[in-house]
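Presented below is the structure to which this report refers.
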Amino acid sequence: MRLLLFALTSLSLTFQAAAQEGGTVAGTVKGAGGKLSDGATVALLRLPDSNVLKRQATGPDGSYTFKQVAYGTYRVVATAVGHNKVSSAPFELTADKASLQLPSLQLEPAAKSMAGVTVTAQRPPIEHKVDRTVVNVDASPTNVGATALEVLEKAPGVMVDKDGNISLKGKEGVLVLVDGRPTQLSGQDLANLLRNMPAAGLDQVEIMTNPPARYDAEGNAGVINIKTKKKNAAGYNGTLSLGYTQGRYAKFNEGLNLAYRAGKVALFTNFNHYANNGFERLSIQRNLRDEDTQLLENYFDQVSRKRMKGSSFQGRIGADYFASKKTTLGVTLSNNHSPYEATNRSETEISTSAKELESITRALVQNRTTWNSIGTNLNFRRVLGAGGRELTADLDYNTYNSRNRQYMTNAYFDPQGQALQKTDTLVGALPQDIRIYSGRTDYTHPLKKGAKLEGGLKATIVRTDNNVQYDSIQYGVSVRDRGRSNHFRYEEAIQAAYVNFNTPLTKKISTQLGLRLENTVSKGLQLTTNEPFDRSYIQLFPTAYFQYKANDKHNFGVNYGRRLRRPNYESLNPFIRFMDRYTYSQGNPELKPQFSNNIELTHSFRNLLTTTLNYTATNDIFQGVIQQKGQETYMRMENIAKQRQYGLSLSANVPLTKWWTSNMYVNVFSNRFEGLVNKTPVAFTATTLALNGSQQFKLTKTTTAEVSGWYRTPGLMGVMRMESMGMMSAGFSQQVLKTKGTLRLTVRDIFYTQKASVTSRYGNVDAAFQEVRDSRVASLGFTYRFSKGKVAGPRKRAGNEEQERVGMD
């Protein structure tokens, strides 16, 4: 109730005001001698409060362009280390003057050396743009000491379930990118990666519910792009971050970003380390029923206590070579090394239908995993002429390797604690090797009257190899378990082409139309049983966006997109993963892709209040389905149903006073599933309310504070029902060392309410789960920025979206 009261109170304050995207502001910045300034920082300030609304770096020709700027009064400020700040005269953007070309801004060298000075501008925690929502990670003090997954948990429209699976606006199947490139992970493995990725190394999170044709069609619910910190500046600059977090166990993170540019060469590197220690307590109650009669046979009451320790070492190094003002070549190498171990102790009490205790099973499961990934990217950018035509190309090669050793013992006792039978032991080796080859090229061609044509080609080849081996230890002798071992190979090739066209139709109406074609060829082989499978399909994915600017206050839009969700490699692999003697998961090579049609209607009022209505129809939806086999319960992905969703969302970013800014997001959606689960017809419907908000307070010029939180009412995650859950956090940020350093203190999940409770009931399945994690923590973080030279932003590169569906341990 505290969380709900907080969110509703904040929401009522937030919706007092609200402006919308309007016109375009462009100009150039010049440096010493009147030369165009490449890489100066330009900020758009709203008047009269001088709040920074947008910020960007000038391009190679010294130009900048701010698009979708709400009608109103502004000024532009340009800064660069070693130069004095310069401002434009105030100007007004109106419906009659919706496109302004400002006079050039002239930077003057500072009278004294400015080495070591860092120019910073305060960004809002959340920005709402035409095609995406942007979360600025450092703008929120409560992100200190957090992980990437915890940042996503409180992002607008994002939901994370008890297993770390990510959904967007109540829909599963999100394509997660890092710096425009897929993580190549999914499910529990993606969650593990994000849990070991410190927020201190993140810059922004972009959320797109209906991406344009340039992006892969993969991602039924949309795209989340996690952008890490990187710089490309004349001279040198860097950022050092340190963090300590204390819950039940201590956690640490360290990060270093460095960049250097001299002449035509720019070098950059970063390194992040995160030591994650935690625990989970999982309680499971299962009522075992006869598959035919549904009569109750046994009660299972299980409690598992897991202790986890892990580290993540992430590094990247790269270089850009500016061959000319129009041609740039680049190379990037990245590596992720993540050792992890978990010890899970569980006790299961098995009772009769009359609730008389029959036996007790005590299990110990140990997992030791080492994850390694190496990525290589070669990129090229060429500006063709002076009209804005541009050609880009990328080549990528990525490898993912994991080595997981699993050790499981089960001891069986009667109600008096006497041994019923000999303890059994199972040892498993679960290796995984993945190779990904990808290439793409994109072309942009501006046309007359503000129109633009884009097109591109892409090809990807993925090869996976999993040779899972289980051995039973009997009387001290290791014996291969042929029924559980499996060797699986999989290869997938995807070729894609797209075209995208946007243009203003009238002064008030604009449109963007896109079409993407993807050809998929996949082959799999279970070497253990010599069972092959082949699947090929060609699909078209149209997108359409229309905007109508009625007046200075109201803007209306409608967009449509068709998308798909391919099964991830882990879900296709038929090997078994054990949680304990009675619980495991298993892949399904017969899975088919699911397709969805998405439509959204939007209304924006004064750029601060945006209302969205959405409808999604999904066929052949696949979900993790709990199945009962004797006393064993296992999870298996199945194409089970069709889903229909209706949703309404409200988002706002409102400065209530000069010192208080409110960000609020409200989403109400109704999910309905209809299909066949375990040979039983099912129909589930649930309406969920999700609230997300933050209140930021500017106490002094160098001191800020924040209170944030989220809350969800009960709802459906696939065919499982999740009970209500939420959390509240508070943070404090203080600039130190002449604003070059920032000290942050935060407490997350203050009331310890982030506890998951799930039920699943259909057919002969009747189970309930409750999970508690080490979520109430206090964190202290320190960031130090240093530089000498001219501040600039990173060069924009074409993204690669092919790597989303790898499974890892």
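The values are calculated or read from the model by the stated rules, or taken from the named source; none is laboratory data. The structure presented is a predicted model; accordingly, all values stated were derived computationally and were not measured. Neighbour counts run over all protein chains shown; Cβ positions are idealised from the backbone, glycine included. Ligands, DNA and RNA are stripped out before the accessible areas are found, and what is left, the full protein with its side chains, is counted by its heavy atoms. Shrake-Rupley method; radii C 1.70, N 1.55, O 1.52, S 1.80 Å.
What the table shows:
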quantity	calculated
Longest to shortest principal axis, alpha-carbon extents of the range 340-401, angstrom	82, 27, 12
Accessible surface, the range 522-579, averaged per residue in Å² (probe 1.4 Å)	45
With all protein chains modelled, accessible area of ILE538 [1.4 Å, Å²]	110
Share of carbon and sulfur in the accessible heavy-atom surface of the chain [1.4 Å probe, %]	56
Part-to-part distance (alpha-carbon centres) for the range 419-464 and the range 714-758, which is given in Å	30
For the range 392-468, Kirkwood radius (reciprocal of mean inverse C-alpha pair distance, Å)	18.0
Probe 1.4 Å, protein heavy atoms only - accessible area per residue of the range 316-455 in square angstrom	49
Alpha carbon convex hull of the range 223-292, volume per residue in cubic angstrom	168
Enclosed volume per residue, in Å³, of the convex hull spanned by Cα atoms of the range 668-718	85
Charge-dipole axis of the chain as Lys and Arg at +1 and Asp and Glu at -1 on Cβ define it, positive-most pick from VAL137, PHE732, VAL29	VAL29
Charge sum, other residues only, whose C-beta stays under 15 Å from LEU780's C-beta, Lys/Arg counted +1 and Asp/Glu -1	+2
Kirkwood hydrodynamic radius (C-alpha pairs) into Stokes-Einstein, the range 568-627, 25 °C and 0.890 mPa s, D in µm²/s	162
Lys/Arg +1, Asp/Glu -1 at C-beta; the range 268-359 dipole; positive extreme among THR328, ASN298, LEU288	THR328
TRP710 accessible area, assembled protein chains, probe 1.4 Å, Å²	10
Theoretical gain in end-to-end length, LYS642 to VAL479 [0.36 nm per residue, Cα-Cα removed]	54.3 nm
Charged-residue dipole, Cβ positions (Lys, Arg, Asp, Glu), the range 351-421 about Cα centre, Debye nearest 20	380
Taking the C-alpha atoms of the chain, convex hull volume expressed per residue in Å³	152
Computed accessible area, ARG289, all protein chains, 1.4 angstrom probe, square angstrom	70
Lys/Arg +1, Asp/Glu -1 at C-beta; the chain dipole; positive extreme among THR529, ALA459, MET308	ALA459
Overall dimensions of the range 516-562 as given by Cα atoms, namely Rg and Dmax in Å	21.6, 67
Cα coordinate range in the range 561-692, projected on the principal axes (Å, largest first)	62, 31, 26
Rounded, prolate or oblate (a/c below 1.5 giving rounded, otherwise prolate when a/b exceeds b/c) for the range 251-360 by Cα gyration tensor	prolate
Principal axes of the range 291-437: Cα extent on each, largest first, Å	84, 35, 21
Convex hull projection area averaged over all views, the range 351-437, Cα basis, nm²	11.5
Cα-based Rg / Dmax (Å) for the range 482-555	22.8, 70
Sequence of MET728, MET579 when ordered by accessible area, the most exposed leading, probe 1.4 angstrom	MET579, MET728
Net dipole in debye of the range 725-770 [+1 Lys, Arg Cβ; -1 Asp, Glu Cβ; about Cα centre; nearest 20]	380
Dimensionless Rg ratio for the range 442-567, taking C-alpha atoms and the 2.2 N^0.38 Å reference	1.80
Whether the range 718-769 is rounded, prolate or oblate, judged on the alpha carbon gyration tensor where a/c under 1.5 counts as rounded	prolate
Gyration tensor verdict on the range 594-641 (Cα atoms; rounded if a/c is under 1.5, prolate if a/b is larger than b/c, oblate otherwise)	prolate
Rg over Rh, two decimals, the range 528-629 (C-alpha only, Kirkwood Rh)	1.20
Inter-centroid distance (Cα atoms) of the range 304-359 relative to the range 643-688, Å	28
Restricting the range 436-477 to chymotrypsin sites (Phe, Trp or Tyr not before Pro) in coil, as DSSP defines it, with at most 11 other Cβ within 10 Å	TYR475
Student exercise, the chain dipole from Lys, Arg, Asp, Glu Cβ charges, in Debye to nearest 20	3300
